[in-house]
Amino acid sequence: MPIGEQLYQLFLSLRPHQWTKNLLVFAPLLFAQQLFHRPSIIAAVEAFFLFCLLSGAVYIINDLVDLERDRLHPVKSQRPLASGRLLPSVAKGAMWVILLAALGGSFALGTSFGLAALVYFVMMTGYSLLLKNIVILDVLTVSMGFVLRAFAGAVAIDVAFSNWLLICTMLGALFLALNKRRHELTLLAADAAEHRRILGEYSPYLLDQMIAVVTASTVVCYALYTQAPETVSKFGTDRLVWTLPFVLYGIFRYLYLVHQKDEGGSPSRVLLNDRPLVIDVALWTIAVIALIYHFGEMG
């Protein structure tokens, strides 16, 4: 098989469409009012690319572990390894090179960031090998992966990691993870447990109950954050609550796509391909920047 083709398939195995998840490392940059601080921008960009490499290495490990099951899956069978377009030996060798480069670069960026990156890799590798087969812990581990991205973004630019950011990130990630489980369960129907063992522990009703709790908690948490005394004091404005309609629309739109359009199997693809959702996220971002950097007091 041509080397060029193997390299291309290897790149696809890193799942570049999933790299949008790593944009969370920029959240501390935004909310710490460092968005126009050049050294912080450079550090955040470096952190983003390092997490893209790290998450790519984790995806390769996951695909190697699930190789046989993925070959039976209606969608995952098209992945480079499952389809046979990428040789397992090439994937294993590349995974080690990518991992060592990512961890080396992470510790070069800072010891705290390096430790955060290492914990992320260990935790997500544990997910691929074991935790994804333990009910409830599977989705909690996924959500903690998002929290670690945000935490790493904070230590990369040397700012305090907000408890509000931790809670909102965890709840938002749980919302996406639970909806993904629901999509998988309905897509695979009676064969769900054969493709992914953990799906046998869930039911649409159970997942709907969990999603309802997380959805309400996410909205309430974000609303409380916008009006919290420390938030108002930090940004010098109580108008951040004006961004709540964008959060509500985004959540409702995503639920609509999951329940009415049978989407949600890949949150990254949904967030990239659904135009109303893309516009909503863009408007939320613009509104937050305008309120924090224009109406608020610069830190």
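The values are calculated or read from the model by the stated rules, or taken from the named source; none is laboratory data. Every value quoted in this text rests on a predicted model; they were computed, and no experiment measured them. Here the Cβ is made from the backbone with ideal geometry for all residues, glycine too, and neighbour counts use every protein chain on show. Note: areas computed on protein heavy atoms with side chains; ligands, DNA, RNA excluded. Shrake-Rupley method; radii C 1.70, N 1.55, O 1.52, S 1.80 Å.
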Pairs needed: first member in the range 1-15, within 13 Å of Ser83 (Cβ to Cβ) and without any contact (Cβ under 8 Å) to a residue 60 or more places away in the chain; second member anywhere, outside any helix (DSSP H, G or I) and open to solvent by less than 50 Å² (accessible area, probe 1.4 Å); C-beta distance under 8 Å; at least 6 residues apart or different chains.
none
Selected residue (only one of Leu30, Leu86 is over 21 Å from Gly145 (Cβ atoms) and touching a residue at least 40 places away in the same chain (Cβ under 8 Å))
Leu86
Using the structure shown, decide if Leu86 is closer than 25 Å to Ile3 by Cα, out of contact with any Cys (no Cβ under 7 Å at 6 or more places or on another chain) and in a loop (DSSP other than H, G, I, E, B).
yes
One residue is enough: does the range 62-76 have a residue meeting the conditions part of a loop (DSSP other than H, G, I, E, B) and under 25 Å from Gly4 (Cβ atoms)?
yes
Only residues that are β-branched (Val, Ile, Thr), closer than 22 Å to Leu178 by Cα and at pLDDT 85 or above: list them for the range 256-299, please.
Val258, Val278, Val281
Would you mind stating whether Tyr249 is in contact (Cβ under 8 Å) with a residue 24 or more places away in the chain, in a helix (DSSP H, G or I) and buried (at least 19 other Cβ atoms within 10 Å of the Cβ)?
no
State whether the residues of the range 274-284 include one that is assigned to a helix (DSSP H, G or I), touching a Phe, Trp or Tyr at 6+ places or on another chain (Cβ under 7 Å) and surrounded by fewer than 17 Cβ atoms within 10 Å (Cβ to Cβ).
yes
Which one of these is modelled with pLDDT of 90 or more, in a helix (DSSP H, G or I), of a type in the set (Gly, Ala, Ser) and within 16 Å of Gln9 (Cβ to Cβ): Gly93, Gly114?
Gly93
Odd one out for Asp158 among (1) closer than 16 Å to Val25 by Cα; (2) open to solvent by less than 30 Å² (accessible area, probe 1.4 Å); (3) among the charged types (D, E, K, R):
(2)
